[in-house]
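The values are calculated or read from the model by the stated rules, or taken from the named source; none is laboratory data. Bear in mind that the values here come from a model prediction, so they are computed numbers and not experimental data. Cβ placement follows ideal geometry from the backbone for every residue including glycine, while neighbour counts extend to all protein chains displayed. With ligands, DNA and RNA removed, areas are computed over all heavy atoms of the protein, side chains included. Shrake-Rupley method; radii C 1.70, N 1.55, O 1.52, S 1.80 Å.
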Amino acid sequence: MSAASTTSPDRRIWLLAWPIILSNITVPLLGLVDTAVVGHLPDSRYLAAVTLGATLFSFLYWGFGFLRMGTTGLTSQAAGRENDSEVRNLLGQSLLMAGGIGVALIVLSTPLIDLGLWLLDGSEVATELAREYAQIRILSAPAVLANYAILGWFLGQQNARVTLAILVLTNSVNIVLDLLFVVGLGMTSDGVAWATVIADYTALAFGGWLVMRQLKLLEGRFLRQRLLKLGAYSELFQVNSHLFIRTLGLLFAMAFFTAQGASQGDTVLAANAVLLQFIMLTSYALDGFAHAAEALVGRSVGRRRWDEFGASVRAATRFSLIAAGGASLAFLLGGQALIALLTDLPEVRATAALYLPWMIVMPLLAVWSYLLDGVFIGATETRAMRNSIFIALAAYLPLWWLTQGLGNHGLWLAFTVFTLVRSATLTGYYLSYRQKRWRASVDPA
């Protein structure tokens, strides 16, 4: 009997979740260093350029997050079946796909960057500097996407500590090079871009070394027909296509929210940006438990052990509800203090406080979408995730139109309903699938 099978579901969830949560917390640290380094340059245009460029790549790379999610789900199921050859070849397929997309992004970089910066609509001077920044940053696209695949592959094998190790290394190298290039060598926004590119390829080299170590523990071999024949990618393409569309829907929902807030003035835009940081803080914990659910659920599906499946979902639910409840309570009791920590502008503080009640209820509504995304990724039932976004958008956009007279409260109401409908739709899919697909009675004889 394996150690994993004798460990309680709660302990398995926690052992997988804590490195991911800690990894998530390291991400804003890099942003703070970038801002501090460039923010001390004599001209504010450099900070504006880095902000525009970093925003562009956040959206661009987030759109290809399926390379992490899809790889996790399929790998965890293959690991559950103890099919080492499949685990090995899924890595090869995901890396080839990541490399191909990364090269395509470099080839198409000029129109993509022009379109992205046009949509972000910065000042002329900042936009030109941001274009220079982006033309450097895009060079790391193959490394960034390959790192997604590597992280997903390790998580699918229930090794979350690799995520922590790679992100800590990436951010550490990036911070050191930021200081060296900008403070030491007198570079500006271009120095920040080169620091990120070098850090991304350093992470890829480290991840590749970890992969080679792991491959020595796996039986089987890479199969030419699995790696070079397009038909062999059908399952990966299907899973990833649903995830890609789902992510585009989420990006649209967030971009629409930001645009409508901006139309109400700079103060409302800034206040909404502050409150969105509350959602980001909540996601650090909820993502950790959702990612843990991906690995454990996928393993259970691969083994067709529906008792383990249910136990893993219940354990992830307990942790997620504790985290969501804690976040809501923290926002209720300390929301004003957190707003003050994030901004010292009196009008922005006052405006953000006016809409703080929406943040108090948000974690309790959003927790189900985070958790069930993890369940569906692990089970590779990504069509449900795609459909939930369309259904949620069908509620979000009409409600926003009907409540425009309520101003920013109407916008927050529409966004909250978007979150609620998404959670409710995924819950409905889960209950249906649990009854019809994910139960012992459907096991083959």
Exercise. In a Gaussian network model over the chain where Cα atoms closer than 10 Å are linked, find which of G334, G65, G378 has the largest mean-square fluctuation.
Key: G334
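What is the sum of charges, Lys and Arg at +1 and Asp and Glu at -1, for the other residues whose Cβ falls under 15 Å from the Cβ of L393?
Values: positive: R246, R386, R422; negative: none.
Net local charge, L393 excluded: +3.
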Exercise. Answer rounded, prolate or oblate for the range 279-368, using the Cα gyration tensor with square roots of eigenvalues a ≥ b ≥ c: rounded when a/c is under 1.5, else prolate when a/b is larger than b/c, else oblate.
Key: prolate
Quiz prompt | Karplus 3J(HN,Hα) series, Hz, for the range 225-241 with 6.51 cos²θ - 1.76 cosθ + 1.60 (x for Gly, Pro) | solution = 5, 7, 9, 10, 9, 4, x, 6, 9, 4, 5, 5, 4, 5, 4, 6, 5
Quiz item: Applying 1/(1 + (r/R0)^6) with R0 = 41 Å to the Cβ-Cβ distance of E132 and A440, what FRET efficiency is obtained, to the nearest 0.05?
Solution: 0.10
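Find the accessible area per residue for the range 68-114; the probe is 1.4 Å, ligands and nucleic acids are left out, and the unit is Å².
That works out to 35 Å² per residue.
Give me the extension gain from R226 to Y433: residue separation times 0.36 nm, minus the current Cα-Cα distance, reported in nm with one decimal. Mind showing how you got there, number by number?
Working: separation 207, 0.36 × 207 = 74.52 nm, distance 2.99 nm.
Stretched out fully, the R226 to Y433 stretch lengthens by 71.5 nm.
How many Å² of accessible area per residue for the range 331-445, probe 1.4 Å?
On the way: 5360 Å² over 115 residues.
Computed with neighbouring chains in place, this is 47 Å² per residue.
Given a Förster radius of 22 Å and the C-beta distance between L364 and M280 as r, what FRET efficiency does 1/(1 + (r/R0)^6) yield to the nearest 0.05? Spell out each step's value before the answer.
Values: r = 17 Å, r/R0 = 0.76.
FRET efficiency, L364 to M280: 0.85.
Suppose R0 equals 45 Å; then what is the FRET efficiency for S234 and D114 from their Cβ-Cβ distance, rounded to the nearest 0.05?
0.85
Considering only protein heavy atoms and a 1.4 Å probe, what is the carbon-and-sulfur percentage of the accessible area of the range 79-198? The partial results should precede the final answer.
Details: 3160 of 4820 Å².
Carbon plus sulfur share of accessible area: 66 percent.
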Quiz prompt | Segment V183-R161, extension gain: residue separation times 0.36 nm, minus the distance between their alpha carbons | solution = 4.7 nm
Quiz item: Spin-label point model (7 Å from Cα, Cβ direction): what's the T258 to Q404 distance in nm?
Solution: 2.2
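Under a 1.4 Å probe, what is the accessible area of the range 209-296 per residue, stated in Å²? Provide the component values of the computation, followed by the final result.
Working: 4350 Å² over 88 residues.
It amounts to 49 Å² per residue over the range 209-296.
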Quiz item: In nm, what is the difference between 0.36 nm times the number of residues separating L354 and L215 and their Cα-Cα distance?
Solution: 44.6 nm
